[in-house]
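Visitor: Pasting a structure below so you can have a look.
The values are calculated or read from the model by the stated rules, or taken from the named source; none is laboratory data. Since this is a predicted model, take the numbers as computed values, not measurements. Here the Cβ is made from the backbone with ideal geometry for all residues, glycine too, and neighbour counts use every protein chain on show. Quick note on the areas: whole protein, heavy atoms, side chains included, nothing else; ligands and nucleic acids left out. Shrake-Rupley method; radii C 1.70, N 1.55, O 1.52, S 1.80 Å.
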Amino acid sequence: MRPLLSVVVPAYDAEPYLARALDSLTGFGPEVEVLVVDDGSTDGTAALARGYVDRHPGGVRLLRKPNGGHGSAINAGLDHARGTYVRVLDADDWLDRDALRALLDALRDAVADDREVDLLVTNVVYEKVGRRRATVVRFRGALPRGRVLTWDRTRPFAQRQYLMMHALTYRTAVLREVGLRLPEHTFYVDSLYALLPLHRVRTLQYLDVDLYRYLIGRPDQSVQEVVMLRRLDQQLRVNRLMLDHVSRTPVAQPRLERYLLHYTAIICAVSSVLLVRAGTPEALAERDLLWARLRAADPALYRRVRWSALGQLSNLPGRAGRRVSVLAYRVARRAIGFS
């Protein structure tokens, strides 16, 4: 029996928290395939995962590979995924089991009715270390709930709404048709995973269930500002790849095009503010170069992104303007629990 859903779990030195992730995925029978990708861990990650393989034969598989980074581990998982649908669960996060049952119901209905739903969108819950209240990112307003849509039935996304990797369950064939390959030894590739396949997505469905539980607050986490500042080169690499894709990939659906510009503006704003936050003359020059390259390569895209509300807010002139840009960025991070 072909699995209904493959869940790729990239894992590097994940021994302290991997069990929670796998406990949220096991016990659903042959419909769910779990692929743990041990990305060259130096701790007991592989041994822990092997215990789940032994207890859930056929349901949990362990793939071992040399360290290549988050994107490399996702690539390996996608290469081996057998499910009709696929999603990614980072090893330090987990899924809500009731919400996963609802997702499986929707996938089962889509397959039974021979409906090719290319993308299912679910909510993301930010669980902050040390806080009792979680923050939920929902897509109400932008995506009508509970029915299969085409892009022309979507509505404008709010400024803080975007289709992050953790919200997405793709039809596996879509990712293979676009030939998705994420760069190795690079953080922040989840932005590419969430953007590059969308031009091939014809149909989507929003399930208003709180599926993904995203744990934030560890000091070494890649989304912590101090860590992002150390990895600015990787953020910029991902940003440039996104801009290149949006510039070169024709899109026929105006509302999808509007969304792609919205998401691109968000990532460009993050890059710009981080470069301002770095504060060095070299970083400020790099910010100007980011925009100058875009203007030279695609003047129309430059105008639409640079002069969007986010583009303007992240590029306010002068020292005072830079302070306002950083303050706005920090307020936005705080609103979803990152700070």
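Visitor: Tell me, please, whether a residue that is small (Gly, Ala, Ser) and either modelled with pLDDT of 95 or more or under 20 Å from the mean Cα position of the chain (by Cα) (or both) can be found in the stretch 151-159.
Guide: Yes, the conditions are met somewhere in the stretch 151-159.
Visitor: Same structure, new question: If you go through the stretch 64-84 one residue at a time, how many are farther than 23 Å from GLN235 by Cβ and polar (S, T, N, Q)?
Guide: The total comes to 1.
Visitor: When the residues of the stretch 155-166 are filtered to those that are within 22 Å of ASP96 (Cα to Cα) and of a type outside the set (A, V, I, L, M), which remaining residue is most open to solvent (accessible area, probe 1.4 Å)?
Guide: Step one: of the stretch 155-166, the residues within 22 Å of ASP96 (Cα to Cα) are 161-166.
Restricting the remaining residues to those that are of a type outside the set (A, V, I, L, M) gives 161-162, 166.
On the way: GLN161: 22, TYR162: 57, HIS166: 7 Å².
Ranking the qualifying residues of the stretch 155-166, first place goes to TYR162.
Visitor: Scan the stretch 250-302 for residues that are of a type in the set (D, E, K, R) and open to solvent by 50 Å² or more (accessible area, probe 1.4 Å) and jot them down.
Guide: ARG255, GLU257, ARG258, ARG277, GLU282, GLU286, ASP288, ARG293, ARG295
Visitor: In this structure, does SER325 turn out to be of a type in the set (S, T, N, Q), part of a helix (DSSP H, G or I) and more than 20 Å from the chain's Cα centre (by Cα)?
Guide: Details: of a type in the set (S, T, N, Q): yes; part of a helix (DSSP H, G or I): yes; more than 20 Å from the chain's Cα centre (by Cα): yes.
Yes; evaluated as a whole, the condition is true for this residue.
Visitor: If the Cβ limit is 7 Å and pairs must be 6+ apart or interchain, which residue in the stretch 50-78 that is within 10 Å of PRO10 (Cα to Cα) and modelled with pLDDT of 95 or more pairs with which residue that is outside any strand (DSSP E or B) and hydrophobic (A, V, I, L, M, F, W, C)?
Guide: LEU63/ALA76; HIS70/PHE187; HIS70/VAL189; GLY71/LEU182; GLY71/VAL189; ILE74/LEU182; ASN75/LEU182
Visitor: Among the candidates SER271, SER325, which residue alone is modelled with pLDDT of 90 or more and of a type in the set (S, T, N, Q)?
Guide: Working: SER325 fails: modelled with pLDDT of 90 or more.
Every option except SER271 fails the conditions.
Visitor: Is one or more of the residues making up the stretch 194-214 at pLDDT below 95 and farther than 22 Å from LEU180 by Cα? If you could, list the steps in order and put the result at the bottom.
Guide: Applying the first criterion (at pLDDT below 95) to the stretch 194-214 yields 214.
Add one more test, that the residue is farther than 22 Å from LEU180 by Cα, and what stays is 214.
Within the stretch 194-214 (the criterion being at pLDDT below 95 and farther than 22 Å from LEU180 by Cα), the answer is yes, since at least one residue qualifies.
Visitor: Can you name every residue in the stretch 97-125 that is of a type in the set (Asp, Glu) and touching a Phe, Trp or Tyr at 6+ places or on another chain (Cβ under 8 Å)? Give the steps one after another, and end with the answer.
Guide: Taking the stretch 97-125 as the starting set, the residues that turn out to be of a type in the set (Asp, Glu) are 98, 105, 109, 113-114, 116, 118.
The answer is ASP118, and nothing else.
Visitor: Out of VAL111, VAL125, VAL121, VAL136, report the one residue that is among the aliphatic types (A, V, I, L, M), in a strand (DSSP E or B) and open to solvent by 20 Å² or more (accessible area, probe 1.4 Å).
Guide: On the way: VAL111 fails: in a strand (DSSP E or B); VAL125 fails: open to solvent by 20 Å² or more (accessible area, probe 1.4 Å); VAL121 fails: open to solvent by 20 Å² or more (accessible area, probe 1.4 Å).
Going through VAL111, VAL125, VAL121, VAL136 in turn, just one is among the aliphatic types (A, V, I, L, M), in a strand (DSSP E or B) and open to solvent by 20 Å² or more (accessible area, probe 1.4 Å): VAL136.
Visitor: Tell me the strands (runs of 3 or more DSSP E) entirely within the stretch 1-97 that contain at least 1 residues that are in contact with an Asp or Glu (Cβ under 6 Å, 6 or more places away or on another chain) and surrounded by fewer than 23 Cβ atoms within 10 Å (Cβ to Cβ).
Guide: Here the list reads 60-65.
Visitor: May I pose another question? From ALA278, ALA265, ALA269, ALA300, grab the single residue that is of a type in the set (A, V, I, L, M) and farther than 21 Å from LEU196 by Cα. Can you show your working first?
Guide: Working: ALA265 fails: farther than 21 Å from LEU196 by Cα; ALA269 fails: farther than 21 Å from LEU196 by Cα; ALA300 fails: farther than 21 Å from LEU196 by Cα.
On inspection, the qualifying residue turns out to be ALA278.
Visitor: Might you let me know whether the stretch 167-181 holds any residue that is under 8 Å from the mean Cα position of the chain (by Cα) and within 23 Å of ALA102 (Cβ to Cβ)? Don't jump to the end; show me each part of the working.
Guide: Looking only at the stretch 167-181, we keep the residues that are under 8 Å from the mean Cα position of the chain (by Cα), and these are 167-168.
Filter once more, so that each one left must be within 23 Å of ALA102 (Cβ to Cβ): 167-168.
The answer is yes; a qualifying residue exists.
Visitor: Which residue is surrounded by the fewest Cβ atoms within 10 Å (Cβ to Cβ), if the candidates are limited to the stretch 143-154 and must be touching a residue at least 60 places away in the same chain (Cβ under 8 Å) and part of a loop (DSSP other than H, G, I, E, B)?
Guide: Only one residue fits best here, namely GLY146.
Visitor: Among the residues of the stretch 166-173, is any in contact with a helix residue (DSSP H, G or I) (Cβ under 7 Å, 6 or more places away or on another chain) and part of a strand (DSSP E or B)? Write out each step before concluding.
Guide: Of all residues in the stretch 166-173, those in contact with a helix residue (DSSP H, G or I) (Cβ under 7 Å, 6 or more places away or on another chain) come to 168-169.
Now drop any that are not part of a strand (DSSP E or B), which leaves 168-169.
There is at least one residue in the stretch 166-173 that is in contact with a helix residue (DSSP H, G or I) (Cβ under 7 Å, 6 or more places away or on another chain) and part of a strand (DSSP E or B).
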